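A quick write-up on the structure given underneath.
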Amino acid sequence: MTYQLEGKTVLVTGAGSGIGLATTRRFLEEGANVVAGDLDVSSVNELSGKEKAVPLQIDLRADGATQLTEAALDSFGRIDALVCCAGVAPTRTGLADVSPEDFMATFDVNTLGVVRCARAAVPQMAEQGKGSVVAIASDFGRMPEPLFYDYCVSKSAVLSFMKSLSIEFGPKGVRANCVSPGATRTPIWEKPGGFIDLLAEMYGGMDREKVVDHFAKEHKKFALQRIGEPEEIAEVVLFLSSDRASFVTGSDYWANGGSLPVY
């Protein structure tokens, strides 16, 4: 299947790792021009098709959204899609472990990062009369988890914001959708002190690889019996960014392996 993205110009935040990097790779494979923004974009330089990529070191807490948009217009003259993958997910042990300042810091990246990018890029797409915005939300945005208090709140806000965006800009030809992954093997999971290490401690010092299997099969009881891979989420993003999804807006696509809430 081709998504007919050749020659399209796409902005991707969080492009340096995880879902953002996998998404950037797939856009390049489809022949799109990609303006790839992140705090560290060194991984983008290693991708096949990198000649069609503009790696940009940005901080969405500052003026990164404006830089990203201006780079796209300067390099390619238009913006066809915006994909917001940048995010942070600090692990918590409970309410006492997360301060009001922690909430605001997470919200600044995960929610306001999307807002800033939309404010910078969507008016350009509206002028063209066509465009697509896809934000990476989370199944935690609808099924909260106290191990990620601030992350869950920030992703719930993303879901609400994107719905409003779809209502305002749908008449102008701009679609806005979310993809809500379940547990996905990204640096947020695998880094030292990340979610795997937290679960290993919760499970009494269980081996790291056994932790992932136990979480998927016993804790969350995923229908597919495993966590996801970034490449699997990227395919949903590409579909929503393409004209294959021309009648889809205001939606939240769950790509979570059939996870169920545990209360």
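Counting 0.36 nm for each residue step from Asp40 to Asp108 and taking away their Cα separation leaves a gain of 22.7 nm.
Segment Glu145..Glu29, full-extension length gain: 38.2 nm, with 0.36 nm per residue of separation and the alpha-carbon distance subtracted.
Remark: spin-label model distance Glu229-Asp197 equals 2.6 nm, labels positioned 7 Å along the Cα→Cβ axis. Please say if segment 12-90 is rounded, prolate or oblate, where rounded means a/c under 1.5 for a ≥ b ≥ c the square roots of the C-alpha gyration tensor eigenvalues, and otherwise the choice is prolate for a/b larger than b/c and oblate otherwise? Here segment 12-90 falls in the oblate category. Taking one quarter of the surface of the C-alpha convex hull of segment 86-171 gives a mean projected area of 5.5 nm². Each of Thr184, Tyr203, Leu240 was scored by the projection of its Cα onto the charge dipole of segment 179-251, and the greatest displacement toward the positive side belongs to Tyr203; charges sit on the C-beta of Lys, Arg, Asp and Glu. Coupling constants for segment 147-154 follow from the phi torsions by the Karplus curve (6.51 cos²θ - 1.76 cosθ + 1.60, θ = phi - 60°), and in residue order they are 6, 9, 3, 5, 4, 4, 4, 5 Hz; glycine and proline get x. Beyond 32 Å in Cα-Cα separation lie the following of the pairs Lys50/Lys217; Lys155/Lys191; Lys130/Lys155; Lys130/Lys220; Lys155/Lys217: Lys50/Lys217; Lys130/Lys220. The value of relative contact order for segment 9-93, using C-alpha pairs under 8 Å at least six residues apart, is 36 percent. Applying 1/(1 + (r/R0)^6) with r as the Cβ-Cβ distance of Glu168 and Asp207 and R0 = 41 angstrom yields a FRET efficiency of 0.25. Under the criterion of Cα pairs below 8 Å and six or more residues apart, the relative contact order for the chain equals 19 percent. Springs join every pair of Cα atoms under 10 Å in this Gaussian network model of the chain, and among Val134, Val212, Val179 the largest mean-square fluctuation is at Val212.
Quotient of the Cα radius of gyration of segment 181-263 and 2.2 N^0.38 Å, N being its number of residues: 1.27.
The numbers here are math on the coordinates, done by the rules we state, and not lab data. Worth saying up front: this structure is predicted, and the values here are computed from it rather than measured. Virtual Cβ from ideal backbone geometry, glycine too; neighbours counted across all protein chains shown.
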